[in-house]
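Each remark here refers to the structure printed beneath this line.
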Amino acid sequence: TALSSIGRNIIGKATVADVLTYLGLKEAAKRDVGVGAGQIPDMSSFTASRATTGWQKLPGGLIIQWGQAATNTSSLVTVAYPIPFPNNVFQVIGSCLDVNNADIVAINSTDGVNFNLVAWVATSGSVLRTTTPVKWIAIGN
């Protein structure tokens, strides 16, 4: 069978490294696809629910979750994460959506399943619990 000049050049290389260099392939050509150390993650390892209240899992185990909940004036509001954090909750941050009041949000992450939410409004020298919508984001693994 007749070989092209490219085929002859490849056959003439002494090592796999020489062939990879000839073809212009870099380090990624030597990596397996998977989620282990030194592997290239395939897109199926980036699972997610991209809803208004949702989550994103990254190949290394990090999970980002988000949503919205409303506070009330009488008690803490327990908010369930869309999916449980199996190991740790690193941070939960919330911000009030009511731009007409100086709202203050407090979040206490109780475990990998829920967190507690409360908000206050500061008016005329007093601080009172308030009912307001809060958007939140949580990061954990």
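Among the protein heavy atoms of the chain, carbon and sulfur supply 57% of the accessible surface, probe 1.4 Å, non-protein parts ignored.
Counting each DSSP H run of 4 or more residues in the chain as -39500 (n - 2.57), what helix-only mean residue ellipticity at 222 nm follows after dividing by all residues, to the nearest 500 deg cm²/dmol? Before the final figure, lay out each step's value.
Working: 2 runs with 15 residues, N = 141.
Mean residue ellipticity, 222 nm, calculated: -3000 deg cm²/dmol.
Surface exposure of the stretch 1-103, expressed per residue as accessible area with a 1.4 Å probe, stands at 68 Å². When peptides 30-41, 126-137, 49-60 are sorted by average Cβ neighbour count within 10 Å, with the highest value leading, the order is 126-137, 49-60, 30-41.
Treating r as the C-beta distance of Glu27 and Lys135 and R0 as 30 Å, the FRET efficiency rounds to 0.15. Relative to its Kirkwood radius, the Cα radius of gyration of the chain gives an Rg/Rh of 1.36. Restricting attention to the chain, lysine pairs at least eight places apart or on different chains and with alpha-carbon atoms under 30 angstrom apart total 5.
Summary of packing: across the peptides 110-121, 71-82, the per-residue average of other C-beta atoms within 10 Å ranks them, highest first, as 110-121, 71-82.
Each DSSP beta bridge with both residues in the chain is either parallel or antiparallel, and the antiparallel ones are about 95%.
The values are calculated or read from the model by the stated rules, or taken from the named source; none is laboratory data. These numbers were taken from a predicted model, which means no experiment stands behind them. Cβ sites come from the backbone with ideal geometry, for glycine too, and all protein chains shown count toward neighbours. What goes into the accessible areas is simple: the full protein's heavy atoms, side chains included, and nothing from ligands, DNA or RNA. Shrake-Rupley method; radii C 1.70, N 1.55, O 1.52, S 1.80 Å.
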